[in-house]
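**Q** My questions all concern the structure below.
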Amino acid sequence: MTDIFNLSGRVAVVTGANTGIGQAIAIALANAGASIVAVGRSSMDETESAVRAAGAGFHVIKADLGSIEPVKNIVAETISTFGKLDILVNNAGIIRRADSIDFTEEDWDAVMDVNLKTTFFLSQAAARHMLERGGGKIINIASLLSFQGGIRIPSYTASKSGLAGLTRLLACEWAAKGINVNAIAPGYFVTNNTTALREDPERSAGILSRIPAGRWGTPAELGGAAVFLASQASDYVHGTVLPVDGGWLAR
Ligand code: NAP
């Protein structure tokens with residue numbers, strides 16, 4: 001049974017793998033046997049140590065995902081390093097907070113570019129390779145804001161709701177061709193992304209009181225869902241957005 005979760009011999013690209021959720025997912029995939037290509041703009045040293053400690057292959061690609069310019073190279077360099085690309089985790093993402101009445105075009109575009117536009121064009125570039133090879137796995141990191149409205153984060157909610165739709169659309173186009181496109185919707189996790197919320201006593205208490213599990217999530221707790229969606233265990237799972245949220249959406 002455990003063999004269906006084994007990722008030995010697979011090659012995974014993880015964007016934003018230097019910290020938080022991306023780092024935890026890279027380590028989880030490495031522990032399941034995958035070689036990791038860590039893509040991002042910050043030092044990957046910490047991630048590299050953990051991935052190599054798991055005995056997995058590791059390669060860094062420096063890229064700013066605020067534009068789609070690096071996407072072709074990310075796929076080409078992955079193939080030239082490890083010979084192929086089996087798993088793409090679109091994790092890199094940003095959030096900008098302001099009342100909608102004051103929200104700027106800059107804050108709209110920056111979030112949409114990283115969270116949605118680059119995710120689509122990197123998925124397209126990866127899928128061109130995966131289709132030639134007969135399949136692959138694409139995992140998008142969505143959000144509770146793929147299901148709910150939220151407040152003061154209009155571009156984030158638009159991008160993550162869009163990402164849920166994009167996940168379903170790409171699944172419809174590529175499922176029969178051997179590519180599984182799915183998403184994980186993390187609830188409230190302790191990362192840089194949520195520092196502002198955790199530092200606001202009122203918001204923090206409000207959030208905590210609504211989480212059935214009674215606590216924030218830790219990034220490592222997303223590893224199991226990522227390994228599942230990257231592995232043979234999910235071969236008939238297409239277009240789903242899987243909440244890992246301490247029960248938030250069940251409330
Ligand atoms: P994080 O610690 O802020 O991580 C965000 C990652 O994205 C970092 O690696 C960051 O790199 C990278 N990134 C942002 N802009 C980039 C750019 N232009 N080019 C390259 N890399 C870029 O927060 P996180 O919580 O782990 O976020 C990871 C994903 O989970 C995001 O998509 C986020 O929306 C999603 N998410 C988080 C939560 C949560 O509770 N934490 C909940 C739902 C969804 P730098 O470190 O270099 O900025």
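The values are calculated or read from the model by the stated rules, or taken from the named source; none is laboratory data. For clarity, every value in this text was computed on a predicted model and none was experimentally measured. Backbone-built Cβ (ideal geometry, glycine too); neighbour counts: all protein chains shown. Protein only, heavy atoms only, side chains kept; ligands, DNA and RNA dropped before computing areas. Shrake-Rupley method; radii C 1.70, N 1.55, O 1.52, S 1.80 Å.
**Q** Tabulate in residue order the Karplus-calculated ³J(HN,Hα) for the range 137-145, using 6.51 cos²θ - 1.76 cosθ + 1.60 with θ = phi - 60°, rounded to whole Hz; enter x for Gly and Pro.
**A** Karplus values, whole Hz, x for Gly and Pro: 10, 10, 10, 9, 8, 8, 5, 4, 6.
**Q** Give the accessible area for MET130 in Å² (nearest 10); use a 1.4 Å probe, count only protein heavy atoms, and leave out ligands, DNA and RNA.
**A** 0 Å²
**Q** Here is a follow-up. Given the range 2-242, what percent of its DSSP beta bridges are antiparallel, to the nearest 5? All intermediate terms of the calculation are to be shown ahead of the outcome.
**A** Details: 0 of 26 bridges.
Among the beta bridges of the range 2-242, antiparallel pairing accounts for roughly 0 percent.
**Q** Would you work out the charge dipole size for the range 134-251 about its Cα centre, treating the Cβ of every Lys and Arg as +1 and the Cβ of every Asp and Glu as -1, and quote it to the nearest 20 debye?
**A** Details: 10 positive and 7 negative charges, 27 e Å.
That gives a dipole near 120 debye.
**Q** Students sometimes get this wrong: rank GLU105, GLU48 by accessible area, probe 1.4 Å, all chains present, largest first.
**A** GLU105, GLU48
**Q** Along the range 74-88, what does the Karplus equation 6.51 cos²θ - 1.76 cosθ + 1.60 (θ = phi - 60°) give for ³J(HN,Hα), rounded to whole Hz, x for Gly and Pro?
**A** 4, 5, 4, 5, 5, 5, 5, 7, 10, x, 5, 9, 9, 9, 10
**Q** So, counting K/R as plus one and D/E as minus one, what does the shell of residues with Cβ under 15 Å around ALA183 add up to?
**A** Details: positive: LYS137, LYS160, ARG168; negative: ASP245.
Taking every Cβ under 15 Å from that of ALA183, the sum is +2.
**Q** Turning to a different aspect of this structure: Among all the lysines, which ones have a C-alpha under 22 Å from LYS177's C-alpha, if same-chain residues fewer than 8 places away are not counted?
**A** LYS72, LYS84, LYS137
**Q** Also, I was wondering about something else. Please report the net charge: other residues with Cβ closer than 13 Å to the Cβ of VAL60, K and R +1, D and E -1. Mind dumping the intermediate values first?
**A** Values: positive: ARG41, ARG52, LYS62; negative: ASP45, GLU46, GLU48, GLU77.
Taking every Cβ under 13 Å from that of VAL60, the sum is -1.
**Q** Return the single residue from THR15, THR118, THR218 with maximal mean-square fluctuation; model: Gaussian network over the chain, springs between Cα atoms under 10 Å.
**A** THR218
**Q** What are the residues whose amide H is under 5 Å from the amide H of ILE94, where those residues sit 5 or more places off or on another chain and H is modelled from the backbone?
**A** Long-range HN contacts for ILE94: ASN115.
**Q** To the nearest 10 square angstrom, what accessible area does ILE87 show with a 1.4 Å probe?
**A** Taking all protein chains as shown, ILE87 has close to 0 Å².
**Q** Counting only helical runs of four or more DSSP H residues, what would the 222 nm mean residue ellipticity of the chain come to if each run contributes -39,500 (n - 2.57) and the total is spread over all its residues?
**A** Details: 9 runs with 100 residues, N = 251.
After summing the helix terms and dividing by residue count, I get -12000 deg cm²/dmol.
**Q** Which parts of the range 185-199 would a label at ARG152 reach, counting a residue when its backbone N lies under 20 Å from a point 7 Å out along Cα-to-Cβ?
**A** 187-199
**Q** A further question follows. Defining a contact as two alpha carbons under 8 Å apart and six or more residues distant in sequence, what relative contact order in percent does the chain show?
**A** On the way: 504 pairs, mean separation 52.1, N = 251.
Over the chain, the number comes to 21 percent.
**Q** Using only the Cα atoms of the chain, what are the Rg and Dmax in Å?
**A** 17.2, 53
**Q** Let me ask something else about it. Just to confirm a number: summing +1 for Lys and Arg and -1 for Asp and Glu over residues other than TYR156 whose beta-carbon lies under 10 angstrom from that of TYR156, what do you get? List each step's numbers first, then the result.
**A** Numbers: positive: ARG96, ARG97, ARG152, LYS160; negative: ASP107.
Overall, the nearby charge balance is +3.
**Q** So which residue, out of ASN91, ASN73, ASN182, gets the largest mean-square fluctuation from a GNM of the chain using Cα contacts under 10 Å as springs?
**A** The residue that fluctuates most here is ASN73.
**Q** Whole-Hz Karplus ³J(HN,Hα) for the range 110-124, in order, using 6.51 cos²θ - 1.76 cosθ + 1.60 and θ = phi - 60°, x for Gly and Pro?
**A** The phi angles translate into 4, 6, 5, 5, 6, 6, 10, 5, 5, 4, 5, 6, 6, 4, 4 Hz.
**Q** Next up: Using only the alpha carbons of the range 128-251, determine the length spanned along each of the three principal axes and report them from longest to shortest in whole angstroms.
**A** In descending order, the Cα extents are 51, 28, 25 Å.
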